[in-house]
Amino acid sequence: MITGLLQFEPEFGNPKSNTEKILSLLEPVEFDLIVLPELANSGYLFTSFDELENSSEVISGSNFVNALTEVAAKKNGFIVTGLCEKSDDKYFNSSLLITPSGKIHTYRKIHLFDTEKKWFTPGSDSPAVYEIEGSFGKVSIGMMICFDWFFPETARTLALQGAQIICHPSNLVLSYCQRAMFARAVENRVFTVTANRTGTEDRGGNRLEFTGQSVMVSPKGQYLIEAGKNDEVVMTVEIDPLLALDKHVTGSNNIFEDRRKELYKL
Ligand code: ACM
């Protein structure tokens, strides 16, 4: 299964140019599953609800989503992308799974980071797992968004539902997620795909430097993909997702069966 990520620098408030850049980066690439960064249509540092309104999109009728749906069909591949979503006069920091047949599944970020709390409504649904099917067979995948990684329960919730690949659109500004994803992958024996963005945004008295260095990690903790800090790039790797179904660390240790739920506090 050809799986990977796209890393780029979105232009703030310009969904059209962001769509064009993504399309041109994806053009030469074959993939079964590709993951794009968080808020890939809009950029990150909002300073007003007018800006949010101008860059957010209702999924049905969104030019950004329609363009990616066409790519998914043409490439016969699945796309996971961050989206600044508008729905019922609310704004969500969302991730979409777009299938080659045009079906769209939505996850809305449940752990909002810092100033995101001012703009977005947190998701109220538990992270879900979807079975995707192609020439690679049937594979279960889940989505979480950026800061969700800080709450190990998010990845665990996906893994316990059978996720073999955790897709992780991100706009990372702290320096340690890329290393921490080693733990999320190993402790759940899953593949993780963290698609980060690059660049800086300096708006409304706030300056954020995004850390790039997108990573994909295997269930055994191998870094299968490591992007550079500033690269605008698509990187893919061939994986065997069946590896993520084996939860044994040793012949006598199954990481799910060995859990001592009666001793844990949530
Ligand atoms: C983040 O959750 N975008 C840091």
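The values are calculated or read from the model by the stated rules, or taken from the named source; none is laboratory data. What you are looking at is a predicted structure, and each value in this text was computed from that prediction instead of being measured. Quick reminder, even Gly has a Cβ in these numbers, built from the backbone with ideal geometry, and neighbours come from all protein chains shown. When the accessible area is computed, the model is the full protein with side chains, heavy atoms only, and any ligands, DNA or RNA have been set aside. Shrake-Rupley method; radii C 1.70, N 1.55, O 1.52, S 1.80 Å.
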note = Checking 9, 38 in turn, the sole residue that is under 18 Å from residue 165 (Cα atoms), assigned to a loop (DSSP other than H, G, I, E, B) and either open to solvent by less than 20 Å² (accessible area, probe 1.4 Å) or within 16 Å of the ligand (Cβ to nearest atom) (or both) turns out to be 38
note = Okay, strands (runs of 3 or more DSSP E) sitting entirely in the range 173-266 with 1 or more residues that are open to solvent by 80 Å² or more (accessible area, probe 1.4 Å), I get 200-203, 206-209, 223-226, 233-238, 248-250
request  = Enumerate the pairs (first residue in the range 36-65 and over 14 Å from residue 19 (Cβ atoms); second residue anywhere and at pLDDT 95 or above and assigned to a helix (DSSP H, G or I)) with beta-carbon separation below 7 Å, excluding pairs fewer than 6 apart on the same chain, so at least 6 apart or on different chains.
outcome  = 38/146; 46/52; 46/119; 52/119; 59/65
task = Answer yes or no: is there a residue in the range 141-151 that is at pLDDT 95 or above and away from the ligand (no atom under 15 Å from the Cβ).
result = yes
request  = Evaluate the following for residue 140: is it part of a loop (DSSP other than H, G, I, E, B), in contact (Cβ under 8 Å) with a residue 12 or more places away in the chain, out of contact with any Cys (no Cβ under 9 Å at 6 or more places or on another chain) and over 15 Å from residue 39 (Cα atoms)?
outcome  = no
task = Would you mind stating whether residue 92 is open to solvent by less than 10 Å² (accessible area, probe 1.4 Å), aromatic (Phe, Trp, Tyr) and in contact with a Ser or Thr (Cβ under 7 Å, 6 or more places away or on another chain)?
result = no
task = Could you check, for the range 71-87, whether at least one of its residues is open to solvent by 40 Å² or more (accessible area, probe 1.4 Å), touching a Pro at 6+ places or on another chain (Cβ under 7 Å) and at pLDDT 95 or above?
result = yes
inquiry  = Among the residues of the range 161-172, are any among the small types (Gly, Ala, Ser), away from the ligand (no atom under 12 Å from the Cβ) and either surrounded by fewer than 24 Cβ atoms within 10 Å (Cβ to Cβ) or on the phi > 0 side of the Ramachandran plot (or both)?
reply    = yes
query = Can you tell me how many residues in the range 12-35 are of a type in the set (Phe, Trp, Tyr) and either crowded, with 24+ Cβ neighbours inside 10 Å or over 23 Å from residue 61 (Cα atoms) (or both)?
reply = 1
ask   = Taking the condition free of Cβ contacts under 8 Å to residues at least 24 places away in the same chain, under 19 Å from residue 172 (Cβ atoms) and open to solvent by 20 Å² or more (accessible area, probe 1.4 Å), does residue 114 pass?
value = yes
note = Picked from the range 79-136 (must be hydrophobic (A, V, I, L, M, F, W, C), under 14 Å from residue 38 (Cβ atoms) and not in a strand (DSSP E or B)), the residue nearest to the ligand (Cβ to nearest atom) is 113
query = Do we have any residue at all in the range 118-134 that's touching a Phe, Trp or Tyr at 6+ places or on another chain (Cβ under 8 Å) and within 27 Å of residue 29 (Cα to Cα)?
reply = yes
